[in-house]
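The values are calculated or read from the model by the stated rules, or taken from the named source; none is laboratory data. These numbers come from a predicted model, not from an experiment. Here the Cβ positions follow ideal geometry from the backbone for every residue, glycine too, while neighbour counts run over all protein chains shown.
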Amino acid sequence: APAKLWGGRFAEKTAASVEAFTASIHYDARLYKHDIAGSRAHAKMLAKQGLISAKERDQILKGLGQIEREIEAGTFVFRPELEDIHMNIEKTLVEKIGPAGEKLHTARSRNDQVALDVRLYLREECRNLIALLAGLQKAFVVLARTYQHAVMPGYTHLQRAQPVLVAHHMLAYYEMFGRDRERLSDALKRINVMPLGAAALAGTGLPIDRAFVAKELDFPKITANSMDTVGDRDFIIEFMSAASLVQIHLSRLSEELVLWTTEEFSFVTLADSFCTGSSIMPQKKNPDIPELIRGKSGRVVGNLMSLLMLLKGLPMTYNRDLQEDKEPLFDTVDTVSQSVAIMSQLLGNLQFNEARLAAGLGGGYMTATDLADYLVLKNIPFRQAHAIVGRTVAFCLSKGKELTELTLKELQKFSEVIEGDVFKVLSIEGSVASRVSPGGTSGKMVAKALKRAEKEMGIS
Ligand code: ARG
């Protein structure tokens, strides 16, 4: 077995069970690219500061390049007894290039090194997720365009409430995922800070140049306090909170898709290529994608809870507990990114059934509020108008009629201010068209919202 990089003060060999228990290489190997990038920048800084020679720097850079190629080619041997990705790479470097390799860890600790690796990794993944979310928003814009004039029932309490444009419903999701994107961009500001140079916890007396390393790695700034730097995982929790909200939004959407694809609703048909069947029931076509996305919200929120609990009792500064941050983080990154990507594809592979949507508009007295507003415009106080329309609906229910099926005479029994112009108000189209308040569902307002969304997304 290779000697431990920290073995000097130890009289005994590490127990095999301890090596197995403490190793993280089976999951933190995924940070290899970021670890190597960080080491390259660190080596260049050490040379610029005269802490290593230019020749040693070049040997280090060459060795790191070889290691990177071996990892990518799958020929690199990861050794669990070397614990983690940092020591696997460093030890291999020393084996390859000798004493120059032993200088790489000058003025560096694994505590600031791991903070750097995770920040580099998460910066990349956070940007990737932001881009995926923009793709998802575009899919909603396309649906809003395709069904710009189609009307559907809008619900509260899952009871038919008021008619809305399908486009309005789609653009509601556009807004939700837009906020998610903003939240991730905001989290990115605090992820994108350079930690190297904190060393173990107190900084270093060696003449390093942190700003140089930041510039090399394209960080706009460096962390302010060395102790905070090695103990801080806030940036991970912020990302996971924002990512949890993404998954929860996806889950709400999934719930609607599952509902809408039932025989009972049949508002939406999913393409065969985006559904699966049953092993026993030959007729089945199941919406497994939205179901799985909904199901995966459990692990994403669970991962966030794991990180919060991980930090709860931790004293300053670095504690080995922090190694437990990675699996939940990686799982959240993978799960949320995959969910957003597949949902974007699914949205491009569904169809609204306009006939079914239209059929869903009857029978729910969905223009009752319009009738109340009509009375308000005839100077009836809203509370009185509400009561009048309530009685009218009760009458309709007892007769098995729609509001539009009442005669003017019948309507006038409930209020004498009602005139012939009421029927336009009671129609579904009239109701939708009347909702001209900013943010409302009228064709006019939705066209405006759609234009803005197209502009934001760079679609023409
Ligand atoms: N694998 C460790 C982690 O993920 C790296 C830092 C280890 N530092 C230490 N002092 N043991 O946190």
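What to note about this one:
- Enumeration of residues in the range 39-61 that are under 33 Å from the mean Cα position of the chain (by Cα) and away from the ligand (no atom under 16 Å from the Cβ): 40, 41
- Qualifying residue in the range 132-145 (condition: under 14 Å from residue 229 (Cα atoms), part of a helix (DSSP H, G or I) and more than 12 Å from the ligand (Cβ to nearest atom)): no
- Yes/no for residue 355 being free of Cβ contacts under 8 Å to residues at least 24 places away in the same chain, assigned by TED's automatic domain parsing to the domain that holds residue 422 and over 32 Å from the mean Cα position of the chain (by Cα): no
- When each of 36, 67, 25 is tested for being outside the structural domain of residue 208 (by TED's automatic domain parsing) and more than 16 Å from the ligand (Cβ to nearest atom), the lone residue that passes is 67.
- For residue 84, the criteria (1) more than 29 Å from the chain's Cα centre (by Cα); (2) closer than 24 Å to residue 195 by Cβ; (3) surrounded by 21 or more Cβ atoms within 10 Å (Cβ to Cβ) hold in every case but one, which is (1).
- A single entry from 341, 358 fulfils the requirement of being in a helix (DSSP H, G or I) and within 29 Å of residue 163 (Cβ to Cβ): 358.
- The range 313-330, subset under 16 Å from residue 112 (Cβ atoms) and of a type in the set (A, V, I, L, M), residue farthest from the ligand (Cβ to nearest atom): 316
- Hits in the range 15-38 - residues which are in contact (Cβ under 8 Å) with a residue 40 or more places away in the chain, of a type in the set (S, T, N, Q) and loosely packed, with under 15 Cβ neighbours inside 10 Å: 22
- Among (1) touching a residue at least 60 places away in the same chain (Cβ under 8 Å); (2) exposed (fewer than 13 other Cβ atoms within 10 Å of the Cβ); (3) not in a helix (DSSP H, G or I), the one test that residue 315 misses: (1)
- In the range 100-139, the residues that are of a type in the set (Lys, Arg) and within 30 Å of residue 207 (Cα to Cα): 103, 108, 110, 119, 123
- Residues of the range 39-48 satisfying the condition of being of a type outside the set (A, V, I, L, M, F, W, C) and surrounded by fewer than 24 Cβ atoms within 10 Å (Cβ to Cβ): 40, 44, 48
- Test: residue in the range 197-217 that is under 29 Å from the mean Cα position of the chain (by Cα) and surrounded by 23 or more Cβ atoms within 10 Å (Cβ to Cβ): no
- Only residues that are under 16 Å from residue 412 (Cα atoms), among the hydrophobic types (A, V, I, L, M, F, W, C) and assigned to a helix (DSSP H, G or I) were counted in the range 378-389, giving 4.
- Test: residue 115 is among the aliphatic types (A, V, I, L, M), within 16 Å of the ligand (Cβ to nearest atom), surrounded by fewer than 23 Cβ atoms within 10 Å (Cβ to Cβ) and within 30 Å of residue 227 (Cβ to Cβ): no
- Residues of the range 118-131 satisfying the condition of being more than 16 Å from the ligand (Cβ to nearest atom), closer than 12 Å to residue 333 by Cα and not basic (Lys, Arg): 124, 125, 126, 128, 129, 130
- Checking the stated criteria, residue 367 turns out to be over 30 Å from residue 124 (Cα atoms), buried (at least 20 other Cβ atoms within 10 Å of the Cβ), among the hydroxyl-bearing types (Ser, Thr, Tyr) and in contact with a Ser or Thr (Cβ under 6 Å, 6 or more places away or on another chain).
Per-residue answers, yes or no, for (1) at pLDDT below 95; (2) not in a loop (DSSP other than H, G, I, E, B):
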{"residue": "376", "(1), (2)": "no, yes"}
{"residue": "404", "(1), (2)": "yes, yes"}
{"residue": "409", "(1), (2)": "no, yes"}
{"residue": "417", "(1), (2)": "no, no"}
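- Residue count, the range 164-207 (criterion: farther than 29 Å from residue 146 by Cα and assigned to a strand (DSSP E or B)): 2
- Checking each residue in the range 82-112 for being away from the ligand (no atom under 11 Å from the Cβ) and of a type in the set (Lys, Arg) picks out 91, 96, 103, 108.
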